[in-house]
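Q: For reference, the structure I am asking about is given below.
The values are calculated or read from the model by the stated rules, or taken from the named source; none is laboratory data. Here the structure is a predicted model, which means the values were calculated and not measured. As a convention, Cβ positions derive from the backbone with ideal geometry for all residues, glycine included, and neighbour counts pool all protein chains shown.
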C-alpha cells in the first residue's frame, strides 16, 4: 500500500513539475528549451526575438524572423516583406519580386493557414511590388462573400455598394500617388502591368483598419522617399514597417523626379521616432522593419536619423555659404558614414548632390 | 564488488568538467588602469593610442556632447564595446544551468551602466541572421580555452568605444577573454571594426570578487525635455573642419600626437612625438629670441 502511495505521489509530482522542465508551446515552436526560454524571458531589458528564426520547409531559402507580437519579417529577397498573422488571416506589407513569390507564399503558410486578405505596397519601387499579382492571387478579398460557404449550387446574394475593383485575391493598398505612377491614362501604356496595380488607394495622411484584433495604421508621409510612401504601424504588436524610408543597407534614397525630398525624408524619419517607444533605456520596445536590411528598434532609427540630419546640415551650411557642389564634394561630407551606407548607384557623393540640388531649389513660401 | 560497480556507474554518469572555471559571482572593478578614461571619461580630442581611421576621426570631431540632451539619447546604456570599461561596472555574473541536466547553458552579466545586460551562450548555438536586430549588449557565445573563457560577440549597435565621440559601428565584432585567478579576474576586450578601425582596439579590465556586493539592476532611466526650445529632429553636431585642440593644449602634447591611428599604438611612435616636441621647442625658442630682438 505504501509503495503504491509512493508511486502515485511520484507520478503526481512528475506531472506537477512537468511545466518547470518543458518550454511553453510558443517557445518549443522556436526550438527553445525551458532553460533558454527562462533566459530569453528574463532578459527583458533587451529581448531579441529575431535571434530565433522560424524553421522553413525545404526549398524555401528565405529567412523568417519574429519581429514582435504577431509580426514577422520575411528576409532574403530584394526587399523585406513584413507579415502580420492572426485569427482572421494574413496582412502583408510589400511582396518583393515575382521570382520569389512562391517562396514567400510558402513561408506565409508556415506562419498561418488563414487567408491572405491584405497587402500594402509601400512605394513605387518594383522590388517592393513585383510579387503583388502572385501573392494577391494566393489570397482572398475579405469584402467578397465566399461562394463555397453557401453550399453547392447556391448563388451568393448581392449586397449594396459598388463591386470591388478586384474581386479575386487579396486587397492591395497603396497611396494614390503610387497607383498614378504605375498606371496611365486610357489609351496609353502603363509603366507597370495591371495585375501588379493596387486595388485600393488613399491620399490622406492616415488610413486605419482593425485586423486580427489589432489596430493597423497606414501612414502616408508627404514627399519623402517618393510622393507615394506608406508606412504600416501594427499598434498592438508594436511593430512599424517603414518601406524605403529606412534602408539599413544604404543611405535612404529620395527621388525628386518621383516627388521625394530631403525635408520630407527627414520628417518621415522623425515620424517613425515619434511612434516608437523603447521598453526601457533605449532597448527593445517598438520594432521597426525597414524596406531593406535588419530589424531595428528606436535607437537604430535615431542613429539613422542623426546621420541623415548631420549630412543635410553640412550640405545646407555649404549652400548657405555659397559654396559650389565641387567645393562641397571636396570636403567629403559623408566620409564618416560612407563605409556603412555608400553603395554603387546611391553613393555618398550622389546623395550629397541630390541634397544640394534639392536645397538649391526655390523653397515654397510659408502661407 | 558492488561498491566498485556503483563507482563505475557514477563515473559514467558524471558530467565531464572540460577544465571549466566558475566565473560567476559579484565582481568589483579595479580602477588602477586608465583612470581618467574611466571617470570623468576621455577628453574631447583625446584619441591617443586608438587605432582609428579618418572616418572615425571625422565622426568624433563632429560629435557634439549636446546631443546627449536629445530625449532619445539621454537613456542610452553603455554598449558592449565599452560597458566593461566603466564607469563603475561592478557586475554580477550568473550561471544559468539546464534545469533537467544541470549543464551550463549560459553566463549572464548584469550591472553595466544602463543595464545592457549580456547573455553569453555556452551551448554552441550559432549567431543570429544578418537580418536579426542588434542590441547594446550584442549576441555572445563562449567557449573554454583551457581555463580561459573566450567570448565572441556580434550584433552590437552603432555606439562608441570612448565617451568622447570615438565611434564603433554595428559591423564591429568583439572578442573577450576572461581569466580567473582565485579572487581576481582579468578581462580583455578585442574590438575589430572594418568601418572605423585600422587595427583591432584592445583594452583590459580587472575585477576582484566581492561577496558583500549586491549589484542593483532595476535602473529604468527617465527621459525629459531638457532644453524645451529645440525643434523636432534637432541633431547638434560640429561642422566639418572642427578640431578639438583643448586636450593637446592642456597636457602640452603636440596636436598631431592626439589624433590616433594605428601608428600611435607602437613604441616607435614615441620617437616621432619627441621629434615634434623638439621642433616645437626650437620654434618657440626662435620666436622668443625674435620677440626679444624686436622689443629692443
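Q: Could you grab the pairs with beta carbons closer than 8 Å, sequence gap of 6+ or different chains, first residue in region A:286-305 and within 7 Å of chain B (Cβ to nearest Cβ) and over 18 Å from residue A:122 (Cα atoms), second one modelled with pLDDT under 95 and part of a helix (DSSP H, G or I)?
A: Sorted first by the residue in region A:286-305, then by its partner, the pairs are A:298/B:72; A:299/B:72; A:302/B:72; A:302/B:73.
Q: Out of the residues in region A:306-329 meeting the condition of being under 22 Å from the mean Cα position of the chain (by Cα) and more than 7 Å from chain B (Cβ to nearest Cβ), tell me which one is nearest to residue A:262 (Cα to Cα).
A: For region A:306-329, the residue satisfying everything is A:308.
Q: Can I ask one more? Just give me the residues in region B:200-218 being in a loop (DSSP other than H, G, I, E, B) and over 15 Å from the mean Cα position of the chain (by Cα), in sequence order.
A: Answer for region B:200-218, where residues must be in a loop (DSSP other than H, G, I, E, B) and over 15 Å from the mean Cα position of the chain (by Cα): B:210, B:211, B:212, B:213, B:214, B:215, B:216, B:217, B:218.
Q: Then there's this: Just name the residue that is nearest to the other protein chains (Cβ to nearest Cβ) out of those in region A:62-105 that are more than 17 Å from residue A:292 (Cα to Cα) and assigned to a loop (DSSP other than H, G, I, E, B).
A: A:69
Q: Collect the residues in region A:270-285 that are modelled with pLDDT of 95 or more and either under 30 Å from residue B:241 (Cα atoms) or facing chain B (nearest Cβ under 7 Å) (or both), keeping them in residue-number order.
A: A:270, A:273
Q: Looking at region B:124-156 only, could you name the residues that are in a strand (DSSP E or B) and within 14 Å of chain A (Cβ to nearest Cβ)?
A: Within region B:124-156, B:135, B:139, B:140, B:141, B:142, B:153, B:154, B:156 meet the criteria.
Q: Moving on to the next point. Could you tell me which of the residues B:215, B:189 is in contact with a strand residue (DSSP E or B) (Cβ under 9 Å, 6 or more places away or on another chain), under 24 Å from residue B:118 (Cα atoms), in the same structural domain as residue B:78 (by TED's automatic domain parsing) and surrounded by 12 or more Cβ atoms within 10 Å (Cβ to Cβ)?
A: Answer to the check: B:189.
Q: Let me ask something else. Are any residues in region B:194-228 touching a helix residue (DSSP H, G or I) at 6+ places or on another chain (Cβ under 9 Å) and within 14 Å of another protein chain (Cβ to nearest Cβ), and if so, which ones?
A: B:194, B:195, B:196, B:197, B:198, B:221, B:222, B:223, B:225
Q: Also: Pick from region B:56-95 the residues that are more than 17 Å from the chain's Cα centre (by Cα) and not in a helix (DSSP H, G or I): which of them is surrounded by the fewest Cβ atoms within 10 Å (Cβ to Cβ)?
A: My answer is B:95.
Q: Within region A:315-339, track down each residue that is under 30 Å from residue A:278 (Cα atoms) and buried (at least 21 other Cβ atoms within 10 Å of the Cβ).
A: The answer is A:334, A:336, A:337.
Q: So, one more: Filter region B:43-55 for residues that are touching a helix residue (DSSP H, G or I) at 6+ places or on another chain (Cβ under 7 Å) and part of a loop (DSSP other than H, G, I, E, B) and give the result.
A: Result: B:43, B:44, B:45, B:46, B:47, B:48, B:49, B:51.
Q: Tell me yes or no: at least one residue of region B:168-191 is in contact with a helix residue (DSSP H, G or I) (Cβ under 8 Å, 6 or more places away or on another chain) and touching a residue at least 40 places away in the same chain (Cβ under 8 Å).
A: Within region B:168-191, none of the residues are in contact with a helix residue (DSSP H, G or I) (Cβ under 8 Å, 6 or more places away or on another chain) and touching a residue at least 40 places away in the same chain (Cβ under 8 Å).
Q: Looking for whichever is within 14 Å of chain A (Cβ to nearest Cβ), within 22 Å of residue B:72 (Cα to Cα), exposed (fewer than 10 other Cβ atoms within 10 Å of the Cβ) and modelled with pLDDT of 90 or more here; the options are B:236, B:231. Which one fits?
A: From the options B:236, B:231, the qualifying one is B:231.
Q: Another question, then. For the structure I just gave you, tell me whether residue B:115 is within 11 Å of chain A (Cβ to nearest Cβ) and more than 28 Å from residue A:56 (Cα to Cα).
A: Criteria met by residue B:115.
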